[in-house]
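What follows is a set of notes on a single structure, which appears directly below.
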Amino acid sequence: MIKYNRILNKLFVDTFRPRICRRLASSSSRPQLKSGPDLQHFLATSQTNSILDPFVVTRNLPIPYINENDLNGNGAKVFIRTYGCQMNVNDTQITSTVLKNSGYELVDDINDAEIVFLMTCAIRENAETKVWNKLKELSLLKINGKIKQIGLLGCIAERLKTEILVKHQLIDIIAGPDSYRDLPKLLAINRMTGQNAVNVLLSFDETYSDIMPTISKSSVTAFVSIMRGCDNMCSYCIVPFTRGRERSRAIESIVNEVKQLSNSGVKEVTLLGQNVNSYRDLSHESNNTSISLVPGFKTVYKPRLRGFTFDILLDEVAKVDPNMRIRFTSPHPKDFADEVLHVIRKHNNICNCIHLPVQSGSNQVLARMRRGYTREAYLALVDRIRQLIPDCALSSDFICGFCGETDDDHKLTVDIMQKVRYMSAFTFAYSMRQRTHAFHKLSDDVSSDVKIQRVNQISQLYRDIALEINKSFIGKQQLILIENVSKKSDNYLYGRNEANLKVIVPKVVIPVVDQNQSSLKLIEAGDYVRVDIQDCTAITLMAKPICHQKLSHLP
Ligand code: 5AD
Ligand code: SF4
């Protein structure tokens, strides 16, 4: 073991002998190239090659020595480990479909796999650290010959591009968020030539619209990606650089996907996008000027006027199946115009639950973050939401210790949390990311101790408030969607209420409420159940089930 650690350390530290390591890793597994790359390929790729000569794929570059058969995985077993947000979970599902369509088999256990992909997140340094640690583990498996190919997908791939090959020599394939369609090609290139295969091009139009994500057959919930990318350029955020420009799928293709999911028994759909409510379907010639920015909010880009907006999409999606719950994430507060709020209010099946990332309660910090609003504008929006949708649960994201944040700034963040009283909150210590505006122009001058202290303080405050809110539900009834068996006991199930909180119920037989018949039925995943809330923590509710009830039967 000590010997292995020494080898591993050497692999990580010694960045100047990549070829030796690559040969070490691949010698046993790679078949001979039938007919190798020609001069044209050498010339085409030589301009982009790094010190390590990876094979950089550009979308229009044909690869004559790779034919249809070479693209086939012939049943090779692939495991994908996902890090980060729901977009990454959905990207893994899209990638799984791409690979399955090319003859690869997806497995749930890494020990059964010969190819391993990591779907990565680059939003904070600690998200990246987890991936580098996992790669150390994988290296052992590769050196032992258990794994033949390792691929890095998603945001770290996009952030570091071929630099990754210097940092980690045992990676074979690198694919950014817009390159998953190319994975069969990248796998074949690497298998056949032994070269690292890379595609990190960002696209203006890739939405994977025609690819149905792979989800488990018994899944009660599903993600539907409706747009990709972000144009907001918040000064701390790497996302616009790793995920590229905003682009939206056509309404028809989204509605069709939701219909298919409804037909296959899915009971809840979450519409996904980095900036989900900034959705704008430009495939139609419409001059839709009905939706505008929330008053007091501004953008770094010119206001857009054409296309079908989020309110129109949400309305169409909600109409697909009145017994299917609709959620969406992650939104930006600027795009919660009244039109969107009216659609949420109109449909019983759109959850009254809005994520409203505030990031900071201080106007100075908000301005440095380039969020495009003041605390006053944000609080006015909260009032408007509560006026139009009185029982709406709000959640938020907070960054503590952003450049120049003082104790007084932090107090204003504490204050905004006390004023809004969020049902849930995600709290992060600021992590400076290369390429962002803050990296170039601001100083990361809050010590990590202070950042952690501030994160702990607002996390505790959020839990205290959430516990108070949850206690107020005790003795009240809610409708929950049962998702699965509880992890702690087979005699219990868990579901979620509209606010997306976990609700634990015993697995029992209860009446079915239906106008035409009365019967009894055991509770199972996929059922909507009316429950009586009996106990709670800050993040979970415990309840007694009363009856099965259809979502469409809500008053
Ligand atoms: N440091 C800390 N948190 C960040 N987020 C985005 N970028 C950073 C960063 N550099 C947080 C924001 C965002 C959430 C998804 O991640 O709160 O809303
Ligand atoms: Fe990042 Fe801001 Fe875009 Fe959200 S809106 S992804 S925080 S740049």
Restricting segment 94-127 to residues that are within 16 Å of ligand 2 (Cβ to nearest atom) and assigned to a helix (DSSP H, G or I), which is nearest to ILE171 (Cα to Cα)? ALA127
Checking ASP415 against (1) within 12 Å of ligand 1 (Cβ to nearest atom); (2) surrounded by fewer than 18 Cβ atoms within 10 Å (Cβ to Cβ); (3) closer than 14 Å to GLY361 by Cα: exactly one of these is not met. Which one? (1)
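So that you can scan it fast, the table gives a plain yes or no per residue for (1) away from ligand 2 (no atom under 16 Å from the Cβ); (2) under 22 Å from ALA538 (Cβ atoms); (3) surrounded by fewer than 19 Cβ atoms within 10 Å (Cβ to Cβ):
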position	(1), (2), (3)
VAL358	no, yes, no
VAL382	yes, yes, no
CYS403	no, no, no
LYS419	yes, yes, yes
ALA429	no, yes, no
Those residues that are more than 10 Å from ligand 2 (Cβ to nearest atom) and closer than 13 Å to PRO331 by Cα, I need them from segment 257-275; list them, please. THR270, LEU271, LEU272
I'd like the full set of residues that are of a type in the set (S, T, N, Q) and either surrounded by 15 or more Cβ atoms within 10 Å (Cβ to Cβ) or free of Cβ contacts under 8 Å to residues at least 12 places away in the same chain (or both), limited to segment 509-555. GLN515, ASN516, GLN517, SER518, SER519, GLN549
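Could you please find all residues in segment 257-266 being open to solvent by 40 Å² or more (accessible area, probe 1.4 Å) and in a helix (DSSP H, G or I)?
Of everything in segment 257-266, those that are open to solvent by 40 Å² or more (accessible area, probe 1.4 Å) and in a helix (DSSP H, G or I) turn out to be LYS259, GLN260, ASN263.
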Could we say that VAL200 is open to solvent by 10 Å² or more (accessible area, probe 1.4 Å), within 24 Å of VAL269 (Cα to Cα), touching a strand residue (DSSP E or B) at 6+ places or on another chain (Cβ under 8 Å) and touching a residue at least 12 places away in the same chain (Cβ under 8 Å) here? no
Considering only segment 300-329, how many residues are of a type in the set (Ser, Thr, Tyr) and buried (at least 19 other Cβ atoms within 10 Å of the Cβ)? 2
Being under 26 Å from ALA466 (Cβ atoms) and in contact with a Cys (Cβ under 8 Å, 6 or more places away or on another chain) is the requirement here; does THR427 meet it? yes
Looking only at residues that are in a loop (DSSP other than H, G, I, E, B) and among the aliphatic types (A, V, I, L, M) in segment 235-256, which one is nearest to ligand 1 (Cβ to nearest atom)? ILE238
Output the residues belonging to segment 150-163 that are part of a helix (DSSP H, G or I) and crowded, with 24+ Cβ neighbours inside 10 Å. CYS155, ILE156, ALA157, GLU158
Among ILE226, ILE254, ILE211, ILE238, which is more than 16 Å from ligand 2 (Cβ to nearest atom) and either open to solvent by less than 10 Å² (accessible area, probe 1.4 Å) or among the aromatic types (Phe, Trp, Tyr) (or both)? ILE254
Please name all residue pairs, on different chains or six or more residues apart, with Cβ atoms under 6 Å, provided the first residue is in segment 218-235 and is over 17 Å from ALA438 (Cβ atoms) and in contact (Cβ under 8 Å) with a residue 60 or more places away in the chain and the second residue is within 14 Å of ligand 1 (Cβ to nearest atom) and open to solvent by 10 Å² or more (accessible area, probe 1.4 Å). PHE223/GLN86
Restricting attention to segment 384-412, the residues that are of a type in the set (Lys, Arg) and either within 11 Å of ligand 1 (Cβ to nearest atom) or closer than 19 Å to GLN460 by Cα (or both) number exactly 1
Which residues, counting only those in segment 213-234, are out of contact with any Asp or Glu (no Cβ under 7 Å at 6 or more places or on another chain), more than 22 Å from SER431 (Cα to Cα) and not in a strand (DSSP E or B)? PRO213, THR214, ILE215, SER216, LYS217, SER218, SER219, ILE226
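The values are calculated or read from the model by the stated rules, or taken from the named source; none is laboratory data. Here the structure is a predicted model, which is why all the values come from computation and not from measurement. All Cβ positions, even for glycine, are placed from backbone atoms using ideal geometry, and neighbour counts span all protein chains on display. Accessible surface is based on the protein model in full, side chains and every heavy atom, while ligands, DNA and RNA are left aside. Shrake-Rupley method; radii C 1.70, N 1.55, O 1.52, S 1.80 Å.
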